[in-house]
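Notes follow the structure.
The values are calculated or read from the model by the stated rules, or taken from the named source; none is laboratory data. All values reported here derive from a predicted model rather than from experimental measurement. Positions of Cβ are generated from backbone atoms using ideal geometry, with glycine treated the same way; all protein chains shown enter the neighbour counts.
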Amino acid sequence: MAKLLSCVLGPRLYRVYRDRAPARPSRDEGEGAPAAQDGSWESYYQPRALEKHSDSILALASVLWSISYYASPLAMFYCYRKGYLTMSKVVPFSHYIGTLLLLLAGVACLRGFGRWTNPQYVQFITILEDSHRLRTPEIKKKLTGYNFDFRSWPVDFRWDEASSRPAAGGGVSLLRPEPRHRSTATGFLHLIQKLPCQVASYVVAHTFGRRMLYPGSVYLLQKAVMPMLLQGQARLVEEYNGQRAKLLACDGNEIDTMFVDRRESSQPQGKKLVICCEGNAGFYEVGCLPTPLDAGYSVLGWNHPGFAGSSGVPLPQNEANAMDVVMQYAIHRLGFLPEDIVLYAWSIGGFTATWAAMSYPDISALVLDASFDDLVPLALKVMPESCRGLVTRTVRQHLNLNNGEQLCRYQGPVLLVRRTKDEIITTTVPEDIMSNRGNDLLLKLLQHRYPKLMGEEGVRVVREWLEASSAVEEASVYSRYELEDDWCLSVLKSYQAEHGGHFPWSVGDDMTPEGRRQLALFLARKHLQNFEATHCTPFPSHEFHLPWSL
């Protein structure tokens, strides 16, 4: 009976992996054998009839519940207008709900009985119970042969496992605006006056605001892309020998990760670990992870809180907490030195990547693809002008993705990839390349690092170069200013040798305007790479490279 109860309460089993082959070689090492020639890509776990049909009923109930949850405000308003919210009508309705819940509980029991009669599921649930009780490497290895509901996966690494530092206020530290000092009386009156706005901002941020910002956290979307996620996981595990793990962040959220180890390969880039930070609807199974993976690097992917196997909700504090435990896991469990770690982010993933670069300054490099400097201008673009004040306040207080500010706290090599046809992070139209917020990210970085070069004249020259949307136009700008790479390099190396490498630099303070213009243009070209594509076009592996470093 205990085993039957375990089958009733156990997680859904999606797939039993085939025996894992050696990790597939990178594109530089030659092509491996074609994946799944035996057709086993589609070899998902096959439940028996009773489990299959009862599981379909429960899945449908889950989808209907999700739809009713999102539609509940409109439904409540409709019921109120029709006079249905009275005791005489609510009480019978609650009886119907109770009966429905009992029926669903019965269906769950039938599903459990179907699982109990399936030797494959019984074997799985036995291994799962052993993994929670024994936690030996042998049991863990057996468990990795299954893909199941990740909520039941045992925790592999805790945020405090290798560090005793306390989390301030329940999480790691974020950059926040400086508080304005007021007298006690004035401050109290100001608080009372602003209270309705504060409440409105909180409600907007925690209802549709975060869902608009992170649509990948919406349950219905995840349900729709689940087959692709399962196939992506199978590819990483079966073809690349990926290692899935659950990390516990300091806020209690569980983070779903996937690691592919290339340190034993013959290619030098396998010694580098690329940690991938996905976009607002991206998952490591189908996101930007394949780019460094196909380029031969070791990779570590993770899902935002509330995405697929990760729990929680994707708010800035939770995002930073998740990134912190991912970094701790990479350093203390996987054994990579910070100087061997590269952060690679796409789109909104730039927030966690710049936070990690700021918080772990010894990392090797940072690559930001199709990212932006600040969320406020992009949020204002998609909201009515009448909501400008509410939108700005909501973003600043609850959804503040201040990538540019965080990036300026990092001292290491940086590469920004700007997509010339980006339709998401432009504030006007995709054809207006100067409204791409990647330009502002570059300018903020250069102005912080090289303030003497990036005066009014330096900014004008860099903007002129940023306006070029093709290689021919870029070459025209170079020739107009007679850019000499060797001279620029010699000037920068001389300054570095004399003053050290800590930014900001005062290089250019005693130079001619022509020299400052050349250096500004040279540095802009070294820090930004154009990619002729839209926002969601996969970044090809042959275009991926580490940032320039003096």
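Tabulated data for the structure shown
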item: Subset of region 252-277 that is acidic (Asp, Glu) and more than 19 Å from ALA234 (Cα to Cα) - its residue that is farthest from the chain's Cα centre (by Cα); result: GLU264
item: Yes/no for GLY301 being modelled with pLDDT of 95 or more and at positive phi; result: no
item: Condition broken by LEU401, with the remaining ones in (1) aliphatic (A, V, I, L, M); (2) more than 23 Å from the chain's Cα centre (by Cα); (3) not in a helix (DSSP H, G or I) satisfied; result: (2)
item: Qualifying residue in region 503-517 (condition: surrounded by 12 or more Cβ atoms within 10 Å (Cβ to Cβ), in the same structural domain as TRP346 (by TED's automatic domain parsing) and closer than 26 Å to ALA370 by Cβ); result: yes
item: Close pairs (9 angstrom Cβ cut-off, 6 or more residues apart or separate chains): under 30 Å from VAL107 (Cα atoms) and among the aromatic types (Phe, Trp, Tyr) in region 61-90, assigned to a loop (DSSP other than H, G, I, E, B) and modelled with pLDDT of 80 or more anywhere; result: TYR70/VAL218
item: Residues that are within 17 Å of ASP55 (Cβ to Cβ), assigned to a helix (DSSP H, G or I) and out of contact with any Ser or Thr (no Cβ under 6 Å at 6 or more places or on another chain), drawn from region 95-120; result: LEU103, LEU104, ALA105, GLY106, ALA108, CYS109, GLY112, PHE113, GLY114, ARG115, TRP116, GLN120
item: Test result for GLY106, within 30 Å of PHE148 (Cβ to Cβ) and loosely packed, with under 12 Cβ neighbours inside 10 Å; result: yes
item: Any hit, region 428-447, residues being farther than 19 Å from GLY404 by Cα and of a type in the set (A, V, I, L, M, F, W, C); result: yes
item: Which listed residue, of ALA468, ALA533, is assigned to a loop (DSSP other than H, G, I, E, B), in contact (Cβ under 8 Å) with a residue 40 or more places away in the chain and over 20 Å from PRO413 (Cα atoms); result: ALA533
item: Within region 404-447, considering residues that are charged (D, E, K, R) and within 21 Å of the chain's Cα centre (by Cα), the one surrounded by the fewest Cβ atoms within 10 Å (Cβ to Cβ); result: GLU423
item: Residues being in a loop (DSSP other than H, G, I, E, B) and surrounded by 24 or more Cβ atoms within 10 Å (Cβ to Cβ) - total across region 251-278; result: 2
item: So ASP509, is it free of Cβ contacts under 8 Å to residues at least 60 places away in the same chain and not in a helix (DSSP H, G or I); result: yes
item: Filtered residue count, region 471-484, keeping only those that are surrounded by 12 or more Cβ atoms within 10 Å (Cβ to Cβ) and not in a helix (DSSP H, G or I); result: 3
item: Any hit, region 403-413, residues being hydroxyl-bearing (Ser, Thr, Tyr) and at pLDDT 95 or above; result: yes
item: Single residue of region 51-94 satisfying the filter (assigned to a helix (DSSP H, G or I) and of a type in the set (Phe, Trp, Tyr)) that is farthest from THR207 (Cα to Cα); result: PHE93
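Table: residues versus (1) surrounded by 13 or more Cβ atoms within 10 Å (Cβ to Cβ); (2) modelled with pLDDT of 65 or more; (3) of a type outside the set (Lys, Arg).
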residue: MET1; (1), (2), (3): no, yes, yes
residue: LEU4; (1), (2), (3): yes, yes, yes
residue: ARG15; (1), (2), (3): yes, yes, no
residue: ARG18; (1), (2), (3): yes, yes, no
residue: ARG24; (1), (2), (3): yes, no, no
residue: GLN46; (1), (2), (3): no, yes, yes
residue: GLU51; (1), (2), (3): yes, yes, yes
residue: SER56; (1), (2), (3): yes, yes, yes
residue: SER68; (1), (2), (3): no, yes, yes
